[in-house]
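Encoded as structure tokens, the structure appears first; notes follow it.
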Amino acid sequence: MLRLAVLGHPIAHSLSPAMHRYALGSLGLKGSYEAWETPLEALKDRLEEVRQGYRGVNLTIPLKEAALPFLDWISPKAQAIGAVNTVLSVEGRLFGFNTDAPGFLEALQAGGIPLEGPALVLGAGGAGRAVAWALKEAGLEVWVWNRTPARAEALAEAFGLKAVSLERAKEARLLVNATSVGLKDPGATPLPPEFLPAEGAAVDLVYRPLWTRFLREAQARGLKVQTGLPMLAWQGALAFRIWTGLLPDPRGMEEAARQALEGE
């Protein structure tokens, strides 16, 4: 019996349980996948519980960077990114991975989003770090912006990128919203529409609502757009493979997440 979970705060409306229950069922595996409310101060104790009786967990906001000191081993990729979103538990040892970075690139490819730079990543948290690292590894010129300029500058310095002002978005070929702006607030956008480029693509990692103002305005401008569900599904499928050795169908996981979202 595989015991799996997602840890985060807040976590009640996570789509991960729907996705991973689909994955378990589609592969004929017996198991469970729970959503555990885990504020920062509870993380250490939660990971001890994972150590005792779980095969693995996903980590989401605000735990991806905070978990590193509590793990026994961290993959070189996750170490370089500075964030872990997948933990494997084997014989009382915890192994940390990052499937956000490869999941993001797989989702772009599956959605036919061209890998053309410069790419502007909005946000410098755990998701922003993974996306910026993945795009740089893919050979793109990557720019970063953050509401707190010092965070963007720190990330740019760590990864050899360029911290820029929002106005530079007009020159980008790929825009990625890795901030939480727009989450549950359909009227909010991280990017004033006058800064949208004339061509290119826009991806929003926010998926609640599925069609954010950022995406709607980008689409109206003629940009190719992608919602947050494909990346969510791909990072989940890659995490599942780490726990089980089996890769579930990411499109099936995406559909399970979509149905859960529509059923709320």
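The values are calculated or read from the model by the stated rules, or taken from the named source; none is laboratory data. Everything numeric in this text was worked out from a predicted model, so none of it was measured. In this analysis, Cβ positions are derived from the backbone assuming ideal geometry, glycine residues included, and neighbour counts consider all displayed protein chains. These accessible areas exclude ligands, DNA and RNA; they are computed on the full protein's heavy atoms, side chains included. Shrake-Rupley method; radii C 1.70, N 1.55, O 1.52, S 1.80 Å.
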Inset, instruction - Report yes if Ile61 is open to solvent by less than 60 Å² (accessible area, probe 1.4 Å), under 19 Å from the mean Cα position of the chain (by Cα), β-branched (Val, Ile, Thr) and closer than 30 Å to Ala156 by Cα, otherwise no. - result: no
Inset, instruction - Looking only at segment 86-112, count how many residues are surrounded by fewer than 22 Cβ atoms within 10 Å (Cβ to Cβ) and assigned to a loop (DSSP other than H, G, I, E, B). - result: 4
Legend entry - Evaluation of Trp234 against (1) part of a loop (DSSP other than H, G, I, E, B); (2) open to solvent by 40 Å² or more (accessible area, probe 1.4 Å) (one fails), failing number: (1)
Legend entry - Meets criteria (farther than 26 Å from Val84 by Cβ, aliphatic (A, V, I, L, M) and not in a strand (DSSP E or B)) for Leu210: yes
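Residues are listed down the side, and each one gets a yes or a no for (1) over 22 Å from Glu116 (Cα atoms); (2) of a type outside the set (A, V, I, L, M, F, W, C); (3) touching an Asp or Glu at 6+ places or on another chain (Cβ under 6 Å); (4) crowded, with 19+ Cβ neighbours inside 10 Å:
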| site | (1), (2), (3), (4) |
| --- | --- |
| Leu166 | no, no, no, no |
| Ala169 | no, no, no, yes |
| Asn177 | no, yes, yes, yes |
| Gly187 | yes, yes, no, no |
| Leu196 | no, no, no, yes |
| Ala201 | no, no, no, yes |
| Leu210 | yes, no, no, no |
Inset, instruction - Tell me, yes or no, whether segment 243-264 has at least one residue that is assigned to a helix (DSSP H, G or I), out of contact with any Phe, Trp or Tyr (no Cβ under 7 Å at 6 or more places or on another chain), of a type in the set (S, T, N, Q) and buried (at least 24 other Cβ atoms within 10 Å of the Cβ). - result: no
Legend entry - Test for Glu116: is it outside any helix (DSSP H, G or I), over 16 Å from Trp243 (Cβ atoms) and not polar (S, T, N, Q): yes
Inset, instruction - Give the residue, chosen from Ala18, Ala23, Ala83, that is touching a residue at least 12 places away in the same chain (Cβ under 8 Å), open to solvent by less than 40 Å² (accessible area, probe 1.4 Å), within 30 Å of Ala158 (Cα to Cα) and not in a strand (DSSP E or B). - result: Ala83
Legend entry - Pick from segment 113-129, criterion under 24 Å from His9 (Cα atoms) and modelled with pLDDT of 95 or more, ranking: surrounded by the most Cβ atoms within 10 Å (Cβ to Cβ): Val121
Inset, instruction - Can you work out which of the residues in segment 212-221 that are open to solvent by 60 Å² or more (accessible area, probe 1.4 Å) and not aliphatic (A, V, I, L, M) is farthest from Arg21 (Cα to Cα)? - result: Arg221
Inset, instruction - State which residue is nearest to Leu232 (Cα to Cα) when the search covers only segment 26-40 and only residues that are open to solvent by 60 Å² or more (accessible area, probe 1.4 Å) and within 22 Å of the chain's Cα centre (by Cα). - result: Glu37
Inset, instruction - Residue by residue through segment 26-60, note down the ones that are out of contact with any helix residue (DSSP H, G or I) (no Cβ under 9 Å at 6 or more places or on another chain), touching a residue at least 40 places away in the same chain (Cβ under 8 Å) and of a type in the set (Gly, Ala, Ser). - result: Gly53
Inset, instruction - Run Val181 past the list (1) touching a Ser or Thr at 6+ places or on another chain (Cβ under 8 Å); (2) at pLDDT 95 or above and report the number of the one that doesn't hold. - result: (2)
